[in-house]
Amino acid sequence: MSHIFDWFFAEYQNVPPYLVALEITAVVFGLLSAWFSKQDNILIYPTGILSTAIFVYLLAVYGLLGDLVINAYYFSMSIYGWYFWTRKVDSEHYTPITKTTIKEKQISLGIFIGTLFFIFIIYKVFDKWNSWTAYVDTLTTAIFFVAMWLLARKKIENWLFLLAGNIISFPLYFYKGLMFTSFQFLLFIVISIVGYKAWKKNLNKPETSLLK
C-alpha cells in the first residue's frame, strides 16, 4: 500500500505545499458543487465559484492555458447560472429542469464550434501547439463550454456533455501530473451518471425551493 501512496504523491515532490493544499481545496469545493448540482441545489454556484477561482490561479501557475480558459469560463457562467436558477417563472416557482429546444441545440452547436476556433487562436498566439494534449484540451474545452451553458439554463442534457468531458479529462489530468484533480474527474463521472438520472425524475416539475 505504501508503494501506491509513494507513486501517487511522486508527482508532488517538487511542488510547493501551498499549491498542493490549494489543489485539494479546489477539488473539495468542485466535488461539493457537482453534488449540489445533482441535488438541483443552488449551493452549486457559491461552491463552484470558489473551486474555479482557485483552479484559475493554479492553472496559471502551471501554464495550462486551455484548462485555465475553461475555469475562467466556468466562473463567469456560474454567475450567470446563479442568476438564472433564482429567477422565478411565477410568484411561487423557480425555473424548472427542462430539455433543450431546437434553438438551444443550435446555440449549443454554435458554442461548440466557436470554442474550437477560439481555443485554436489562443493556442496559436501563445505557441501552445507543442503537445498532443493541446488537441485534447481544445476538444474538452468545447465540450465543457456547452455543458456549463446548458447547466446554467437547467437543461438535462448538460449531464451528457459533462459525462463525455469527464471521461476524457480523467486520464488527461492523470497524465499532466495533477493527481488529485484526476481523481476528482473520476468521481465526476459517477456524479454525471447519477445526476442525469436524478434530474430525469424531476424533469418539468415545478420548483418551489432551491435548497434541497
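Summary of values
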{"quantity": "Selection from 97, 152, 34 lying farthest towards where the dipole of the chain points positive, charges on Cβ", "calculated": "97"}
{"quantity": "Globularity ratio of the range 2-201, using Cα Rg and 2.2 N^0.38 Å", "calculated": "1.04"}
{"quantity": "Two-decimal log10 I(q)/I(0) for the range 48-103, as the Debye equation yields it once each C-alpha is a single scatterer, q = 0.14, 0.19 Å⁻¹", "calculated": "-0.53, -0.73"}
{"quantity": "Square roots of five times the Cα gyration tensor eigenvalues for the range 117-201, Å", "calculated": "26, 17, 7"}
{"quantity": "Karplus-derived HN-Hα couplings along the range 137-146 (A = 6.51, B = -1.76, C = 1.60, θ = phi - 60°), whole Hz, x at Gly and Pro", "calculated": "4, 4, 5, 5, 4, 4, 5, 5, 4, 5"}
{"quantity": "Most mobile of 76, 37, 108 in a GNM of the chain (Cα contacts under 10 Å)", "calculated": "76"}
{"quantity": "The chain, relative contact order in percent, only Cα pairs under 8 angstrom and at least six apart counted", "calculated": "26"}
{"quantity": "Under-19-angstrom lysine pairs by C-alpha in the range 63-171, whenever the two are 8 or more apart or on separate chains", "calculated": "9"}
{"quantity": "Cβ-based exposure ranking for 157, 92, in which fewest neighbours within 10 Å come first", "calculated": "92, 157"}
{"quantity": "Difference of contour (0.36 nm per residue) and Cα-Cα distance, residue 201 to residue 103", "calculated": "32.9 nm"}
{"quantity": "Charge dipole magnitude, Cβ of K and R +1, D and E -1 - the chain, Cα centre, debye nearest 20", "calculated": "820"}
{"quantity": "Positive dipole terminus of the chain, leading residue within 18, 81, 130 (C-beta point charges)", "calculated": "81"}
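Read-outs: derived from the displayed coordinates by stated rules, not from any lab. Fair warning: this is a prediction, and the values are worked out from it, not measured in the lab. Cβ sites come from the backbone with ideal geometry, for glycine too, and all protein chains shown count toward neighbours.
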